[in-house]
1. Would you list Y32, Y86 from the most to the least accessible area, probe 1.4 Å?
2. Starting from the amide H of N100, placed 1.01 Å from N in the peptide plane, find each other amide H under 5 Å away whose residue is 5 or more places distant or on another chain.
3. As I understand it, the dipole of segment 57-125 uses +1 on the Cβ of Lys and Arg and -1 on the Cβ of Asp and Glu, about the Cα centre. Which of P102, Y86, L74 lies farthest toward its positive end?
4. If you add up the charges near L82, with Lys and Arg at +1 and Asp and Glu at -1, over every other residue whose beta carbon is less than 13 angstrom from its beta carbon, what do you get?
5. Need one value: the accessible area of S77 in square angstrom, 1.4 angstrom probe, rounded to the nearest 10.
6. Taking a 1.4 Å probe, which of H35, H47 shows the most accessible area, and what order do the others take after it?
7. Taking the Cα centre of segment 38-108 as the origin, how large is its charge dipole in debye, to the nearest 20, when only Lys and Arg (+1) and Asp and Glu (-1) carry charge on their Cβ atoms?
8. Simple spin-label model, 7 Å along Cα-to-Cβ: A88 to V54 in nm?
Amino acid sequence: MLKSSKNTETKYGHDLAAAEVKSARVGSSFEYQYHLNTGVAKLDAEHTIAHVFVSYDDNTVTVRLVSGAALKPLFESWREGLLSNYDANNLNRRQRFRKNIPYGVVVREGQILLCLEDGQLTQPVPPTVQEQAQARARGEALLVPQGLDPASE
């Protein structure tokens with residue numbers, strides 16, 4: 001589907017050679033983890049790869065694709081916290097740094113690759129009006145600061 005093999009360059013990088021894959025229940029956010037020794041390099045690469053988000057509930061699975069460039073403002077908003085977390089002088093330093101991408105951001109920015117309903121493949125469909133409204137309410141300010149066009153990144 002993505003024409004991408006497993007990432008074998010590092011122990012803690014993105015899942016595939018050119019993509020990160022995340023899954024969560026419909027409506028839940030998608031967790032990203034960064035590790036002490038490789039977190040900065042992984043964060044630096046996030047905007048250069050694709051991000052695949054699998055949303056599921058009891059009867060459906062939806063797979064969406066979002067370009068890293070579209071998510072770059074969000075990833076950059078995490079940088080200060082990540083660097084602070086790994087600062088050797090930080091008394092609360094941790095091995096992992098965790099952040100989340102809201103479901104609404106994924107719905108708004110994502111291209112549907114496929115949908116499964118009751119185990120049957122259905123045609124990709126655009127987000128519903130309700131999904132679009134949820135995306136705007138949950139993530140617009142987080143993802144695209146006013147005046148920034150993610151497509152131009």
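1. Values: Y32 0, Y86 25 Å².
So the residues, ranked largest to smallest area, are Y86, Y32.
2. Y32
3. Farthest towards the positive pole: Y86.
4. Numbers: positive: K42, R79, R93, R94, R96, R98, K99; negative: D44, E46, E76, E80, D87.
Within the 13 Å Cβ shell, the charges total +2.
5. Result for S77: roughly 70 Å² accessible.
6. Listed by decreasing accessible area, they come as H47, H35.
7. On the way: 10 positive and 7 negative charges, 30 e Å.
The calculated dipole for segment 38-108 is roughly 140 debye.
8. 4.1
The values are calculated or read from the model by the stated rules, or taken from the named source; none is laboratory data. Given the structure is predicted, the values throughout are model-derived calculations rather than measurements. Cβ atoms come from the backbone with ideal geometry, glycine included; neighbour counts cover every protein chain shown. Surface accessibility is based on the protein's heavy atoms, side chains included, excluding ligands, DNA and RNA. Shrake-Rupley method; radii C 1.70, N 1.55, O 1.52, S 1.80 Å.
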